[in-house]
1. Within segment 119-133, does at least one residue satisfy the condition of being of a type in the set (S, T, Y), within 22 Å of S32 (Cα to Cα), open to solvent by less than 40 Å² (accessible area, probe 1.4 Å) and not in a loop (DSSP other than H, G, I, E, B)?
2. Of the numbered conditions (1) modelled with pLDDT of 95 or more; (2) open to solvent by 20 Å² or more (accessible area, probe 1.4 Å); (3) not charged (D, E, K, R), V140 satisfies every one except a single condition; which is it?
3. Being within 17 Å of V38 (Cα to Cα) and either surrounded by 13 or more Cβ atoms within 10 Å (Cβ to Cβ) or within 18 Å of the chain's Cα centre (by Cα) (or both): is that true of L168 here?
4. Give segment 38-82 a look and list any residue that's of a type in the set (G, A, S) and under 15 Å from the mean Cα position of the chain (by Cα), or say none.
5. Looking only at segment 160-177, decide whether some residue is among the aromatic types (F, W, Y) and touching a Ser or Thr at 6+ places or on another chain (Cβ under 8 Å).
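The values are calculated or read from the model by the stated rules, or taken from the named source; none is laboratory data. Computed from a predicted model, the values in this text were never measured in an experiment. Cβ coordinates were reconstructed from backbone atoms using ideal geometry, including for glycine residues, and neighbour counts include every protein chain displayed. The protein model used for the area step is the full one, side chains on, heavy atoms only, and it has no ligands, DNA or RNA in it. Shrake-Rupley method; radii C 1.70, N 1.55, O 1.52, S 1.80 Å.
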Amino acid sequence: MKHLTRRSVIAGIATLPLARSAQAALVPYTLSKQSTSVGFTFNLSGVAQSGTMPIKAANIEIDTSRLQNSRVSVTLNVAAARTRLPFARGPMLGQSVLDAEAYPTITFNSTDIQLSPSGHISNGAQITGELTVRGVTKPVTLLADLYRRPESKVDDLNTLSIRLAGALDRHAFGASGYPELVADEVGLNIRAEIIRTL
């Protein structure tokens, strides 16, 4: 991720030569687990806290000619979640919050991608999808950025970086334990490097 900066925004990905449009299709990408992190934030007794949850599986297909057609499906490993406060991990994974024993995964499946008015996914694009937590599925919209490697050519899309950010109300998914200690909102901050496989 350190090689992917805002200066390397894919400014031309939505304006590639029209001659390529007819040939464009969904292209599979794989996650680089070493350069991918799924972070979450929450307030505990009014103090900001954070944690991470590893990705168990992912299916990512990018249409470089029409990004709106791209698809993202991600499965997270709930049982392997970690927080910066070790004593908070047990209650978080317990029955009244994530209930990791009964619901060992969290899934996200994209349903809609909206580009910014500029036509790029690097300036405030949104990805909406179905998020399933504790067996409850709700629509969630995340802000998205997509980057390529700095100094690479506009049409060199072999390695890309994705940032996703958003928030959810944990009570909407039944993760309502410890309401007197933990705030309702949980923030999401996902950073992923993806590598073209074809």
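1. No, every residue in segment 119-133 fails to be of a type in the set (S, T, Y), within 22 Å of S32 (Cα to Cα), open to solvent by less than 40 Å² (accessible area, probe 1.4 Å) and not in a loop (DSSP other than H, G, I, E, B).
2. (2)
3. The answer is yes for L168.
4. The answer is G39, G51, A57, A58, S70, S73.
5. Scanning segment 160-177, I find no residue that is among the aromatic types (F, W, Y) and touching a Ser or Thr at 6+ places or on another chain (Cβ under 8 Å), so the answer is no.
Matching residues to (1) of a type outside the set (V, I, T); (2) assigned to a helix (DSSP H, G or I); (3) open to solvent by 30 Å² or more (accessible area, probe 1.4 Å):
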site	(1), (2), (3)
S65	yes, no, yes
V72	no, no, no
A79	yes, yes, yes
L98	yes, no, no
